[in-house]
Amino acid sequence: MSTKKTAKTRRKQTATPARKPPAAEHVPDSPALRLIRQRVLVAVFLFVISFSVFIPTLDNGLVWDDLTFVENWGPKLKDVPLGLNLLFPSRTEEAKSSKYYRPVFSSSLIMDAKIWENSNFGFHFTNLFLHSVSTVLLYFLILLLFKEFNRGPGESEAFLGSMLFAVYPIHVESVSFISARGDILAAMFLLLCMIFYILSYRNIFFILLAGASFYLSFLSKEVAFSFPVVILGFDLISRRLRSRASIIKYIVIGILVIVYFYLRWGSIGNSLNILNSAVYRETGSSPGVLEFITMFLGSYLFYIWKLIFPYDLNHFIGALPPGDALNVIIAVLLVAGVISVFIISFRKKENITAFSLLWIFATLGPAVLIAIYPLAATRFAERFLYIPSAAFCMLLGYLIVRGGRLTGKRWAAAAAGGLLCASYIVVTVKGQEMWQDEITFWEAVIKKSPDQLVPRVNYGEALRKYGKVDEAVQQHAALLDLNIKGSQRGKSYAAVSLALDYIEKGDYRKAEESLNTALQYDPGIEAKYNYYRGYIYMKQDDIHSARPYLEKALELQPVYPQALYLLGVFYWSEAEKDYDMYGPCIKSLERAVKQDQGFIAARLLLAQAYNAVGNKEKARKQIKAVLRISSDPNYRQQAQSILGVINSNQ
């Protein structure tokens, strides 16, 4: 009997295998959860929300570097052909040593210029569209991560994390500032890279798409250098670090990194020289281990606090809080706490927390490096947090949802997530107001950074541009008297701006005095000094006194289209008495146009000079160029008038 019973038991065990324990706690379906599971609808909803929250930015004008990219470069960008050659830099010495190489960013501006021409709306629309796409990609990435880490379906976590990212206040700068598009592009391609990388474990051919996305992120912004650490961390956390498939993938990623380093070696070499130079360091002292550690910890603490509390927006961060003992202690405790949580999450195979922390700290690395060594013009910026914020929002959404499940108070988690999103939306919408125009922007920046010189100089420049010259004079003059932080070069910059204010007022004596002050602060501006001295004489109709200053400026700085133009104006005036002067006039203006193809005034005068010597075909070519690249009604009217003169002389 016992034998029969044993056989029966074995058959029963064979027929009915033991159930595997669920990977995560099963949550009964609810109407809200069923709605979230409609992933396409959720993705569309997230896109609409992320787009809607930033709609006010579409009415904003241009500020700061956007004036360069849209107003100054716009006319040139329309004529630049789009091709794959933009993705592979030239090996010329100039290209190799260039500080930045971001062709994906440049290509996006070219496409904007071709589609929207000089429309501010169009350039802002592209930023907003790319942010919305990144939000949707983050949603699908979180869903993939939950599946890979065996943490359940993750619909609620993915939805909340992506919602937080969509409306995150720190993104105001990245979305509103056209010049910050590189961060959004890099994030978008890095999210794609991570999605394809995870899918490559199901089909190895996805590694090709992951590699392409990774390379495009490189060509968007250099922050992508941190992402191999994220990929290695993912494989470590998912226990795949030593698999054969992973090794093949590392080879692919490694080859792409080597190719990029090869193409950009001259620029990287220049950066390494900066790293070894004490004059570029914040303290000005020789490199020291203690100094490096203090700034390293302080920078991480600063940016982590920005992530945790994104309500106090500041779009010009001149310096970090002082690295006193208290800040260092807090930073050390923070790092120790993060490492401890990472280890616990990894050992318990919870994984989402570990991966999120790894992503945050790895992608903050480039921002911290720039904070220590000024490898970029801007050392501290909220836009540097765009990529780290993706992981932060993912982690925050996960903790809120998980907290609700563990306590059995899902309603409280939903309420907390909703209130947090609402508070983010209020700050995000309000934060876009300061980007309306130059004056509004710099006024807001000065309130946040009252002791910084650059915002005050730029504010004065904006006041002059809008006709408030007396206010501009007050602003710039104060910078030379008040205890405003700034280097000798910065003070020189302020003095030059003050000189331009006086030129606008017609007070040429004070303008010359300000230029002399600027030269005393920084002898390196001698070319600019001579150019403006020549410009002052030109304004006074004393062209013969202007000539030696302009020639000296070009001797010091051969690539100086403004000086070439004024010299061309001198020769044009002399040509009325001496026909032979048309030759040097044309030569000078041709050089100016070659150096700056969007120099409309130079093209108009060059057309007249060509017409004067009978070269009507070249004259018409210049007029056609002006009509093609300029939307300014005054320039277009002048061009039509000159074209009428050219045609009437046939």
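The values are calculated or read from the model by the stated rules, or taken from the named source; none is laboratory data. None of the values given here were measured: they were computed from a predicted structure. No Cβ is skipped: glycine too gets one built from the backbone with ideal geometry, and neighbour counts run over all protein chains shown. When the accessible area is computed, the model is the full protein with side chains, heavy atoms only, and any ligands, DNA or RNA have been set aside. Shrake-Rupley method; radii C 1.70, N 1.55, O 1.52, S 1.80 Å.
Name the one entry in LEU334, LEU290 that is outside any loop (DSSP other than H, G, I, E, B), at pLDDT 85 or above and open to solvent by 30 Å² or more (accessible area, probe 1.4 Å).
LEU334
How many residues does the range 443-482 hold that are touching a residue at least 40 places away in the same chain (Cβ under 8 Å), in a helix (DSSP H, G or I) and buried (at least 17 other Cβ atoms within 10 Å of the Cβ)?
Adding up the residues that qualify gives 9.
Results for (1) more than 19 Å from VAL626 (Cβ to Cβ); (2) in contact with a Phe, Trp or Tyr (Cβ under 6 Å, 6 or more places away or on another chain), shown as yes or no for each residue.
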| site | (1), (2) |
| --- | --- |
| TYR537 | yes, no |
| HIS544 | yes, no |
| GLN557 | yes, no |
| ALA592 | no, yes |
| GLN597 | no, no |
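Hey, among LEU364, LEU395, which residue is under 26 Å from LEU130 (Cβ atoms), touching a Ser or Thr at 6+ places or on another chain (Cβ under 6 Å) and touching a residue at least 40 places away in the same chain (Cβ under 8 Å)?
Exactly one residue qualifies, and that residue is LEU395.
Based on what the data block shows, is LEU406 open to solvent by 40 Å² or more (accessible area, probe 1.4 Å) and assigned to a helix (DSSP H, G or I)?
yes
In the range 556-581, which residues are buried (at least 18 other Cβ atoms within 10 Å of the Cβ) and either touching a residue at least 60 places away in the same chain (Cβ under 8 Å) or among the hydroxyl-bearing types (Ser, Thr, Tyr) (or both)?
Listed by number, the residues that qualify are TYR560, TYR565, TYR571.
So, in the range 595-637, exactly how many residues are of a type in the set (S, T, N, Q), open to solvent by 40 Å² or more (accessible area, probe 1.4 Å), in a helix (DSSP H, G or I) and within 18 Å of CYS585 (Cβ to Cβ)?
2
Results for (1) buried (at least 24 other Cβ atoms within 10 Å of the Cβ); (2) under 24 Å from LEU357 (Cβ atoms); (3) at pLDDT 95 or above; (4) not small (Gly, Ala, Ser), shown as yes or no for each residue.
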site: PRO153; (1), (2), (3), (4): no, yes, no, yes
site: LEU191; (1), (2), (3), (4): no, yes, yes, yes
site: ARG202; (1), (2), (3), (4): no, no, no, yes
site: PHE206; (1), (2), (3), (4): no, no, no, yes
site: PRO228; (1), (2), (3), (4): no, yes, no, yes
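Find all pairs meeting these conditions: Cβ atoms under 9 angstrom apart; at least six residues apart or on different chains; first residue within the range 521-549 and among the aliphatic types (A, V, I, L, M); second residue open to solvent by less than 70 Å² (accessible area, probe 1.4 Å) and not in a helix (DSSP H, G or I).
That search, which allows pairs on different chains as well, returns ALA527/TYR560; ILE536/ASP542.
Among (1) modelled with pLDDT of 95 or more; (2) open to solvent by less than 50 Å² (accessible area, probe 1.4 Å), there is one condition VAL426 misses while meeting the rest; what is its number?
VAL426 satisfies every listed condition except (2).
Can you pull out the helices (runs of 4 or more DSSP H) entirely within the range 484-584 that have at least 3 residues that are modelled with pLDDT of 90 or more, among the aliphatic types (A, V, I, L, M) and under 28 Å from ASN611 (Cα atoms)?
Passing ranges, in order: 543-556, 561-575.
Going by what's in this entry, would SER340 be described as of a type in the set (Gly, Ala, Ser), without any contact (Cβ under 8 Å) to a residue 60 or more places away in the chain, within 21 Å of PHE227 (Cβ to Cβ) and in a helix (DSSP H, G or I)?
In short, no.
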